[in-house]
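**Student:** Take this structure first; my questions come after.
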Amino acid sequence: MTALLALITVVSWGTWIPLAQTVPGVPQRSRTFYVTVGNIAFAAVALVASGNHLSFGWREFWLPFAGGLVWTAGNYSAFRASEAIGLARAAGSWTPLNIIAAFAWGALLFGELDSFSAARFALVASALVLVLVGVLLIVSSQDERPAKALVPGAVPASGRKPAGPTSAGQATATSTNAGSYRGGLLWASAAGVLWGSYFVPAQWAKVPTQVANFPLALGILTAGFALALPAAEPVRLSLRVTTVQLTAGLLFGIGNLALLGLVSRVGTGVGFTIAQLSLLVNASIGIWVFKVPRPGSRAANIALAGILVAGVGGGLIGAVR
């Protein structure tokens with residue numbers, strides 16, 4: 001069952017962000033809102049199917065609800081990072097911080113490293129180094145294309161393609177791209193810390209997974225609504241675009257429920273590190289579907305090497321546990 005939960009988490013989390021980002025021109029706040037709607041729909045079905053009952057105590061309801069607020073902030077940060085520097089590089093940036101935050105919470109709140117022998121601790125530490133080296137390789141990969149090329153052929157929401165830069169404006173364009181890259185890394189860093197922390201309140205509550213998942217999803221929805229409401233961005237989308245965003249939220253909900261079950265079995269740090277192997281999926285999609293970095297380029301080769309190294313490290317962590 002542990003292996004199945006890990007597989008479901010990795011595949012679901014590796015595909016929902018690329019799916020949410022496939023349609024160009026949709027404001028990131030609107031994307032976030034529809035993802036939260038798809039997620040709570042799945043959480044409601046899972047709660048009813050489990051036969052459990054929802055209660056409104058601070059441990060059963062409000063702790064997971066607070067985690068949902070944190071998740072939405074992390075999700076918006078991740079979408080902004082993906083838009084600025086490309087999905088492969090953004091995911092490679094937030095993943096090491098996800099892992100570090102999860103291990104820190106696991107050690108501080110749940111004493112998950114206390115029972116490790118010296119040999120086991122050394123093996124896990126070595127595997128963790130491999131994961132971090134792998135994701136740092138992805139981060140360090142440089143791309144010849146503009147930073148905003150997350151989706152091929154994407155145009156602004158206005159529908160007008162911007163005019164190409166003149167020779168006199170090349171320096172300004174270069175400076176803008178550099179600023180966009182730095183900003184993207186800052187957004188990815190925020191996503192790393194927030195996403196590495198959002199599930200901790202639900203785990204701390206020590207209630208059944210399906211019960212904790214619904215208030216978590218409700219907190220996610222509440223924050224998504226609060227994020228979209230004052231932005232004056234289009235919330236009403238076409239049926240096709242709405243379906244895509246809701247399906248992305250459904251995929252996230254499946255992975256999130258599987259993650260809650262996984263961390264209850266193997267611990268916060270180990271479980272969340274295994275979940276970060278979703279990087280192998282979404283970074284690969286970023287390269288081969290969105291073509292950021294361009295397939296066959298030096299940047300793509302470095303990123304793929306990082307994916308391989310991170311995958312070996314994550315597999316070792318899962319095997320040790």
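**Student:** Using the heavy atoms of the protein chains and a 1.4 angstrom probe, tell me the accessible area per residue for the stretch 225-321 in square angstrom. Show your work: numbers first, answer last.
**Tutor:** Values: 3990 Å² over 97 residues.
Solvent-accessible surface per residue comes out at 41 Å².
**Student:** Project the alpha carbons of the stretch 216-267 onto their principal axes and report the range along each, largest first, in whole Å.
**Tutor:** 43, 24, 12
**Student:** Rounded to the nearest whole Å², what accessible area per residue is found for the stretch 1-119 with the 1.4 Å probe? Can you show the working numbers first?
**Tutor:** On the way: 4480 Å² over 119 residues.
Each residue of the stretch 1-119 exposes 38 Å² on average to a 1.4 Å probe.
**Student:** Which of rounded, prolate or oblate describes the stretch 197-321 when judged by the alpha-carbon gyration tensor and an a/c cut-off of 1.5? Present the calculation step by step, with values, prior to reporting the outcome.
**Tutor:** Working: a/c = 2.60, a/b = 1.08, b/c = 2.40.
Here the stretch 197-321 falls in the oblate category.
**Student:** Also: Could you check the spin-label model distance between ALA107 and TRP58? Points 7 Å from the Cα along Cα→Cβ, value in nm.
**Tutor:** 2.9 nm
**Student:** Also, I was wondering about something else. Quick one, what does Rg over Rh come out to for the stretch 3-131 if you take C-alpha atoms and the Kirkwood Rh?
**Tutor:** Numbers: Rg = 17.8 Å, Rh = 17.6 Å.
Reported Rg/Rh (Cα atoms, Kirkwood Rh): 1.01.
**Student:** Relative to the present Cα-Cα distance, how much length would full extension add between ARG120 and ARG298 at 0.36 nm per residue of separation? Don't jump to the answer; show the numbers that get you there.
**Tutor:** Working: separation 178, 0.36 × 178 = 64.08 nm, distance 3.62 nm.
Extra length from ARG120 to ARG298 when fully extended: 60.5 nm.
**Student:** From Cα coordinates alone, what are the radius of gyration and Dmax values for the stretch 77-121 in angstrom?
**Tutor:** For the stretch 77-121, the Cα-based Rg and Dmax read 15.1, 43 Å.
**Student:** Which value, in Å² and to the nearest 10, is the accessible area of TRP204 when all protein chains are kept and the probe is 1.4 Å?
**Tutor:** 120 Å²
**Student:** Kindly provide the helix-only [θ] at 222 nm of the chain, computed as the sum of -39,500 (n - 2.57) over DSSP H runs of four or more divided by all residues, to the nearest 500 deg cm²/dmol?
**Tutor:** Helices in the chain give a 222 nm mean residue ellipticity of -25000 deg cm²/dmol.
**Student:** Okay, moving on. What helices does the chain have that are whole DSSP H segments, at least 30 Å long along their own axis by Cα, and with mean Kyte-Doolittle hydropathy of 0.0 or more?
**Tutor:** Counting only whole DSSP H runs, the qualifying helices are 28-50, 63-85, 87-110, 118-140, 170-195, 239-266, 298-320.
**Student:** Is the shape of the chain rounded, prolate or oblate, going by the alpha carbon gyration tensor and its root eigenvalues a ≥ b ≥ c, with a/c under 1.5 for rounded and a/b larger than b/c for prolate? Provide the component values of the computation, followed by the final result.
**Tutor:** Numbers: a/c = 2.09, a/b = 1.25, b/c = 1.67.
Oblate, since a/c reaches 1.5 and b/c is not below a/b.
**Student:** Roughly how big is the chain's charge dipole about its Cα centre, with Cβ charges of +1 (Lys, Arg) and -1 (Asp, Glu), in debye to the nearest 20? Could you put the intermediate results ahead of the total?
**Tutor:** Numbers: 19 positive and 7 negative charges, 126 e Å.
In debye, rounded to 20, the chain gives about 600.
**Student:** Quick one, what does Rg over Rh come out to for the stretch 20-67 if you take C-alpha atoms and the Kirkwood Rh?
**Tutor:** On the way: Rg = 14.6 Å, Rh = 12.9 Å.
Rg divided by Rh gives 1.13.
**Student:** Please report, as a whole percent, how much of the solvent-accessible surface of the chain comes from carbon and sulfur atoms (probe radius 1.4 Å). Please report the intermediate quantities before stating the final value.
**Tutor:** Numbers: 9490 of 13780 Å².
Answer for the chain: carbon and sulfur cover 69 percent of the accessible area.
**Student:** Starting at 0 and stepping by 5 Å, how many percent of the alpha carbon pairs of the stretch 254-305 end up in each bin?
**Tutor:** Binned Cα distances yield the sequence 5, 20, 21, 14, 11, 13, 12, 4, 0.
The values are calculated or read from the model by the stated rules, or taken from the named source; none is laboratory data. As the structure is a prediction and not an experimental result, all values here were calculated from the model. A quick note on method: Cβ atoms are made from the backbone with ideal geometry, for glycine too, and the neighbour counts reach across all protein chains shown. Keep in mind that these areas ignore ligands, DNA and RNA; they rest on the heavy atoms of the full protein, side chains included. Shrake-Rupley method; radii C 1.70, N 1.55, O 1.52, S 1.80 Å.
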